[in-house]
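**Q** I am attaching a structure below and will ask some questions about it afterwards.
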Amino acid sequence: MTPTVSSAGAPAPSFTAFAGMQRVASGSLQAVAQALAPWHGRPDTLLLFDDRSGAPVDVPPPTGNAAALAQWLQALQPDAAQDEAPSTDEAPARRGVGRPRLGVVAREVTLLPRHWDWLAAQPGGASAALRRLVDAARQQGAERDTRRLARERAYRFMSGIASHLPEFEEAARALFAAHPGAFDARIDAWPPDVRAHLRWLARDAFEAAPG
């Protein structure tokens, strides 16, 4: 199962729905909504998970009619007004003179005087120096952050659906201890769909074996 990619190159939002321990749909909200139609009125407990974070969605899919499903889908959609392009009869905004907008966000940073003195002496000033430091730290810790986020993503999913399954605590300890063999062994007896989705979410949680 591979997440779709948006036109901008970033992973598109992806969701996965489970009925009990069975995976019944995965993909965009629209795709999940369509796939859930045969499950309307069934007694199974439906759970929806955000594949980007592994967390359960607060508003579970309804088991009612199509109208209830449409309301659920609309409630989970981002504000469409923010994504609408300006109408053609509106004049484009005039760009002022000066530096282009870079999406800079101003927030308070608290440092000691010696830190401010050092930053002020750097090329471009304090803001440019801080941005360089942050970018360098991000590059150096990219793999570590990827593994940490994958472990957190997998743990949120397994906590939301598998906390009652045997050896859950042992599997969680193996996950955060970065022991892939022990992790796979602890979840090997879990329901196939839960096990497969969990392993997919945890695909980046462990260091690659030396080649």
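**Q** What is the spin-label model distance, in nm, from residue 207 to residue 31 if the labels are put 7 Å beyond Cα along the C-beta direction?
**A** 3.5
**Q** Which percent of the accessible area of the stretch 104-211 is formed by carbon and sulfur heavy atoms (probe 1.4 angstrom)?
**A** The nonpolar share, carbon plus sulfur, comes to 54 percent.
The values are calculated or read from the model by the stated rules, or taken from the named source; none is laboratory data. Quick caveat: nothing in here was measured; it's all calculated off a predicted structure. Note: ideal-geometry Cβ built from the backbone for every residue, glycine included; neighbour counts use all protein chains shown. Accessible surface areas use protein heavy atoms only, side chains included; no ligands, DNA or RNA. Shrake-Rupley method; radii C 1.70, N 1.55, O 1.52, S 1.80 Å.
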